[in-house]
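**Student:** What follows is a single structure, and I will ask about it in a moment.
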Amino acid sequence: MNNNFKAVVKLFEYMASGNPVISCYLEGIPEEYHKYLIKLNTVSAETIADTVLLVSNMSDQQRKQFGEEAKQFILQAKNKYAQSKKLLGFIVD
């Protein structure tokens with residue numbers, strides 16, 4: 001199994017947890033996910049530390065809201081029914 005695929009699946013699980021998710025760019029992450037992620041522009045110790053500080057400086061409400069929006073995106077747009085509908089549309093077209 002492709003490592004990028006495994007990472008995307010794990011990212012999906014993290015987003016469903018309702019906590020803010022910090023992620024670097026991974027090939028294979030659909031564009032629609034990006035607004036629900038706190039993205040690292042580069043992967044370095046300094047960038048990771050700065051991003052963790054950015055998240056820790058958010059209010060509890062901001063962190064909760066950010067995580068909850070990601071969770072709702074996963075639960076509503078990426079559930080088995082939504083994915084089945086998408087697949088059926090692909091087959092029919």
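Computed from the coordinates by the stated procedures, all read-outs in this text should not be read as laboratory data. Keep in mind the model is a prediction, meaning the values are calculated, not measured. Here the Cβ positions follow ideal geometry from the backbone for every residue, glycine too, while neighbour counts run over all protein chains shown.
**Student:** With only Lys, Arg, Asp and Glu charged, each at its Cβ (+1 for the first two, -1 for the last two), find how big the charge dipole of the chain is about the Cα centre; round to the nearest 20 debye. It would help to have the intermediate numbers written out before the result.
**Tutor:** Details: 11 positive and 10 negative charges, 75 e Å.
Charge dipole of the chain: 360 debye, to the nearest 20.
**Student:** When the helices in the chain are scored as -39500 (n - 2.57) per DSSP H run of 4 or longer and the sum is shared across all residues, what 222 nm value do you end up with, to the nearest 500 deg cm²/dmol? Please list the in-between numbers first.
**Tutor:** Working: 4 runs with 57 residues, N = 93.
It comes out at -20000 deg cm²/dmol, rounded to the nearest 500.
**Student:** I've got another one for you. For Cα pairs less than 8 Å apart in space and 6+ apart in sequence, what is the mean separation divided by the residue count of the chain, i.e. the relative contact order in percent?
**Tutor:** 33
**Student:** At 0.36 nm per residue, minus the direct Cα-Cα distance, what do V52 and E69 gain on full extension? Give it in nm, one decimal, please.
**Tutor:** Result for the pair: 4.2 nm of gain on full extension.
**Student:** Could you tell me which of S23, I74, I38 has its Cα farthest along the dipole of segment 9-86 towards the positive end, charges placed at Cβ (Lys, Arg +1; Asp, Glu -1), taken about the Cα centre?
**Tutor:** Going by the Cα projections, it comes out as I74.
**Student:** For segment 28-45, just list the computed ³J(HN,Hα) in residue order, Karplus coefficients 6.51, -1.76 and 1.60, θ = phi - 60°, integers in Hz, with x standing in for Gly and Pro.
**Tutor:** Once θ is set to phi - 60°, the couplings for segment 28-45 become x, 7, x, 4, 4, 7, 4, 6, 9, 10, 9, 8, 8, 6, 9, 9, 8, 4 Hz.
**Student:** Ok, one more. Give me a comma-separated list of calculated 3J(HN,Hα) values for segment 7-24, in order, Karplus coefficients 6.51, -1.76, 1.60 applied at θ = phi - 60°, integers in Hz, x for any Gly or Pro.
**Tutor:** Karplus values, whole Hz, x for Gly and Pro: 5, 5, 4, 5, 4, 4, 5, 4, 4, 5, 6, x, 9, x, 10, 9, 9, 7.
**Student:** If you don't mind, another one. Which cross-chain or sequence-distant (5 or more) residues have an amide H under 5 Å from the amide H of S23, H modelled 1.01 Å from N in plane?
**Tutor:** Those lying under 5 Å, H to H, from S23 are I38, K39, L40.
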